[in-house]
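Inspection log for the structure reproduced underneath, given as structure tokens.
The values are calculated or read from the model by the stated rules, or taken from the named source; none is laboratory data. Bear in mind that the values here come from a model prediction, so they are computed numbers and not experimental data. Cβ sites come from the backbone with ideal geometry, for glycine too, and all protein chains shown count toward neighbours. Surface areas here come from the heavy atoms of the whole protein model, side chains and all, with no ligands, DNA or RNA. Shrake-Rupley method; radii C 1.70, N 1.55, O 1.52, S 1.80 Å.
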Amino acid sequence: MNILAIIQAKNPAFHQSLQSFLTRMERSGSHSVKAIAHYAGLLFLLSQNPGLVAVPTDAIDNVLHQHMEQPEFAQDMALLFGDRAVAEHLPGAGSESGFAKTKALFEREFQIDYGNHAAACELFIKGDRPS
């Protein structure tokens, strides 16, 4: 089963919310379908694990940056995360332990390899970040 099918099976409403911007990103042709699916998977993990401070792979971070540059980004995040607000992105903040935790969670949830190249940043939901 692929990432999007797992998301759809576990949370159909979240999957439906992903569809418009994932289609928009796929049409841009800037990133592989795999990188976009991994980005969707990481967003799903953030939605299911309050307090998670995720460290994306370089490929996921590249998709995130493209998404952040789109005028619809804030609207897309509000659709996904509602009153929990938008995803935050802290460049230069990624850690080895954070990457290992994210990788383990991703691989357990989706039963596929997350990747081995950590981006130098963190991604989390505003208001969920532990103090």
Discussion item. Taking 25 Å as R0, compute the FRET efficiency from the Cβ-Cβ separation of GLU72 and GLN16 and round it to 0.05.
Written reply: 0.95
Worksheet item: Hey, what number do you get for the chain at 222 nm if only DSSP H runs of n ≥ 4 count, each worth -39500 (n - 2.57), divided across all residues, to the nearest 500?
Response: -18500 deg cm²/dmol
Worksheet item: So which helices of the chain fit the span-like rule, where a helix is a whole DSSP H run, its Cα atoms reach 20 Å or more along the axis, and its mean Kyte-Doolittle is at least -0.5?
Response: 33-48
Worksheet item: Ignoring ligands, DNA and RNA, what accessible area per residue does the chain give at 1.4 Å, in Å²?
Response: 50
Item to complete: Pick out which of ASP58, ASP113, ASP76 has the largest mean-square fluctuation in a Gaussian network model of the chain, springs linking Cα atoms closer than 10 Å.
Response: ASP113
Practice prompt. Quick one: which residues, 5+ away or cross-chain, put their amide H under 5 Å from the amide H of THR57? H built at 1.01 Å from N.
Written response: ALA119
Practice prompt. Could you check which residue among PRO71, PRO50, PRO12 shows the biggest mean-square fluctuation in a GNM of the chain with a 10 Å Cα cutoff?
Written response: PRO71
Discussion item. Defining a contact as two alpha carbons under 8 Å apart and six or more residues distant in sequence, what relative contact order in percent does the chain show?
Written reply: 31
Fill in: Residue with peak Gaussian network fluctuation, the chain [Cα springs, cutoff 10 Å], from ILE60, ILE36, ILE112
ILE112
Worksheet entry | Amide N proximity, region 16-40 versus ASN62 label position 7 Å along Cα-to-Cβ, cut-off under 16 Å | 25-40
